[in-house]
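Below is one structure, written out as structure tokens; comments come after it.
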Ligand SMILES: NC(=O)C1=CN([C@@H]2O[C@H](COP(=O)(O)OP(=O)(O)OC[C@H]3O[C@@H](n4cnc5c(N)ncnc54)[C@H](O)[C@@H]3O)[C@@H](O)[C@H]2O)C=CC1
Ligand SMILES: CC(=O)C(=O)O
């Protein structure tokens, strides 16, 4: 499948690199308002390809997206140190509005994969202005937070993160919810599996992991200005689920008719992802506290989209 990436900065190029070396796409086309950057990224990534795959990587204009099955939206500004994702809203809304119509003029029925922040609201806007069905406008949502959660749990339990189906749901941002109650490790619930391994999930461990997941982006941005490898791989993982029609359960953000008592809100849940986009939503087991936190996250996103007249 041909994949378009609009926004060839750190996130777009990391996604392109991950896709190219994994061979998840036949062709990748970068589009950026900074054409020289798009050309340079495409050239650099194409030099990695002979070691790993056969993906064709190039830069182009919007017309070169014709025939793309998926277009990644990674254009826009990122957070400065200390800035929240929500503070990017005004700047990135304008960018996304200008891009979506350009894409649809050449690719009328794509799956749009949104990474620009604040990703839930930008996904909501993209679904509204594109007129595409919501299951074809997929925000990367909490796929990255879920990876952070699984990697910290893996480090604590000294097992592979691949053996820990655990999810972060709600907003990709400060109000996100770590779904501890539904988390699994190996073939048992997480808490009992961790105890069997002699690595109990104490209240102290739980608080530290919650803090580190929720604050990971702030810490990395403080240290190196931006985050990009994690989300780049996350985008590639979503693309793989679509191009291979996997039916994988991934935590992604789409416009949802009803969740946690809130109508028409865009947030992340574990969802089945395949060739048609998202085909089912799932709600992990949540205790009372987690469900209340999900309600608060959904309400906050809904109030914000209402305030924008969406
Ligand atoms: N969803 C997630 O988990 C994550 C999302 N992000 C978000 O991804 C976005 C991109 O971040 P970076 O790649 O680090 O930023 P960056 O500044 O490195 O790249 C952004 C690119 O967008 C391009 N651009 C801006 N306006 C454009 C337009 N109208 N048309 C075409 N291209 C345009 C710029 O020229 C630039 O190359 C930010 O909003 C950031 O917050 C970043 C990390 C994780
Ligand atoms: C920047 C961002 O959204 C993240 O790394 O989670």
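The values are calculated or read from the model by the stated rules, or taken from the named source; none is laboratory data. All values reported here derive from a predicted model rather than from experimental measurement. For neighbour counting, all protein chains shown are included, and Cβ atoms are generated from backbone atoms with ideal geometry for every residue, glycine included.
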(request) Under 6 Å between Cβ atoms, at least 6 apart or on separate chains: pull out the pairs that start in the stretch 209-228 with a residue that is farther than 16 Å from residue 77 by Cβ and end on any residue that is more than 9 Å from ligand 1 (Cβ to nearest atom). (result) 209/152; 210/178; 212/152; 213/148; 213/149; 216/148; 222/81
(request) Those residues that are in contact with a helix residue (DSSP H, G or I) (Cβ under 8 Å, 6 or more places away or on another chain), in contact (Cβ under 8 Å) with a residue 40 or more places away in the chain and within 16 Å of ligand 1 (Cβ to nearest atom), I need them from the stretch 128-166; list them, please. (result) 137, 138, 139, 140, 141, 143, 144, 145, 147, 148, 149
(request) Tell me the strands (runs of 3 or more DSSP E) entirely within the stretch 67-166 that contain at least 2 residues that are within 27 Å of residue 179 (Cα to Cα). (result) 111-114, 137-139
(request) Test residue 241 against the stated conditions and say whether it is touching a residue at least 40 places away in the same chain (Cβ under 8 Å) and either under 22 Å from residue 12 (Cβ atoms) or assigned by TED's automatic domain parsing to the domain that holds residue 111 (or both). (result) no
(request) Say whether the condition of being in contact with a helix residue (DSSP H, G or I) (Cβ under 9 Å, 6 or more places away or on another chain), within 21 Å of residue 2 (Cβ to Cβ) and not assigned by TED's automatic domain parsing to the domain that holds residue 213 is met by at least one residue in the stretch 79-96. (result) no
(request) For residue 11, state whether it is part of a strand (DSSP E or B), in the same structural domain as residue 104 (by TED's automatic domain parsing) and at pLDDT 95 or above. (result) no
(message) free of Cβ contacts under 8 Å to residues at least 40 places away in the same chain, within 21 Å of residue 293 (Cβ to Cβ) and in the same structural domain as residue 291 (by TED's automatic domain parsing): is that true of residue 171 in this structure?
(response) no
(message) Condition first: within 16 Å of ligand 2 (Cβ to nearest atom) and closer than 17 Å to residue 153 by Cα. Now tell me which residues in the stretch 200-250 satisfy that.
(response) 209, 210, 211, 212, 213, 214, 215, 216, 230
(request) Look at the stretch 1-51 and say how many of its residues are within 16 Å of ligand 2 (Cβ to nearest atom) and free of Cβ contacts under 8 Å to residues at least 40 places away in the same chain. (result) 0
(request) Tell me which residues, restricted to the stretch 52-94, are touching a strand residue (DSSP E or B) at 6+ places or on another chain (Cβ under 9 Å) and within 16 Å of ligand 2 (Cβ to nearest atom). (result) 72, 73, 74, 75
(request) Taking the options 73, 65, name whichever one is outside the structural domain of residue 251 (by TED's automatic domain parsing) and out of contact with any helix residue (DSSP H, G or I) (no Cβ under 6 Å at 6 or more places or on another chain). (result) 73
